[in-house]
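See structure below.
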Amino acid sequence: MKTTLTRNQAVKDYTGYACLGLYNPKGPENVGAIMRAAGCYGVNSVFYTGKRYERAAEFRTDTKQVHLQLPLIGVDDLQQVIPFGCTPVAIEIHPEAKPLTEYRHPERAFYIFGPEDGSLKKSVTDWCQDIVYIPTHGCMNLAATVNVVLYDRMLKAIRSND
């Protein structure tokens, strides 16, 4: 007899999954640094939208060449590639955003980051389940923001296992 698994049953053994979505990133330097961070923190894949990155030069800061082991995939719409069972989390300065210092990361997350020179559009934040911001005195570089979010995720996961 064929049984049907619920969504929760299907993902219960696959915890700790994280992917990144980059909304119209601008430069290869940031994307290269993001790929390096993704490799350091165990990210499963990185998706990006827009044409600006594709027109840019080859990776300049992915010195570990993580892009050879970790998928970097261009897509038309990040909402269409939300990995199964993942919670979409916008990282954005937004009136409804929770501070990262108080945020509890989902076990399966799809973190969405805006471009270096702009913000995520409402059409993106509307489909994200959570919106999180990093409390700072100014805007952070895109790659630095990714590093901070992934480090926070790792640190909180370690503490929750203690």
For this session: Once you have a ≥ b ≥ c as the square roots of the Cα gyration tensor eigenvalues for the stretch 67-162, tell me rounded if a/c is under 1.5, and otherwise prolate or oblate according to whether a/b is larger than b/c.
Result: rounded
For this session: Would you mind classifying the stretch 114-162 by shape? Square roots of the alpha carbon gyration tensor eigenvalues, ordered a ≥ b ≥ c; an a/c under 1.5 is rounded, otherwise it is prolate if a/b is larger than b/c and oblate if not.
Result: oblate
Problem set entry | In sequence order, calculated HN-Hα J values of the stretch 88-104 (Karplus, 6.51, -1.76, 1.60; Hz; x Gly/Pro) | x, 10, 7, 9, 6, 6, 7, x, 9, 6, 9, x, 4, 4, 10, 7, 9
Exercise. From the backbone phi of the stretch 132-141, what are the Karplus-calculated ³J(HN,Hα) couplings (6.51 cos²θ - 1.76 cosθ + 1.60, θ = phi - 60°) in whole Hz, Gly and Pro given as x?
Worked result: 10, 10, 9, x, 9, 8, x, 6, 9, 4
Exercise. Can you give the extra length, in nm with one decimal, that the chain gains between ASP126 and LYS156 once fully stretched, where that is 0.36 nm per residue apart less the Cα-Cα distance?
Worked result: 8.2 nm
For this session: Could you sort 153-160, 110-117 so that the peptide with the highest average Cβ count within 10 Å comes first and the rest follow in order?
Result: 110-117, 153-160
Exercise. Pairs LYS26/LYS51; LYS122/LYS156; LYS98/LYS156: which are spaced more than 18 Å apart, C-alpha to C-alpha?
Worked result: LYS122/LYS156
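Read-outs throughout are calculated quantities, based only on the coordinates presented, and are distinct from any laboratory measurement. All values derive from a computational prediction rather than experimental measurement. We place every Cβ from the backbone using ideal geometry, glycine too, and count neighbours over all the protein chains shown.
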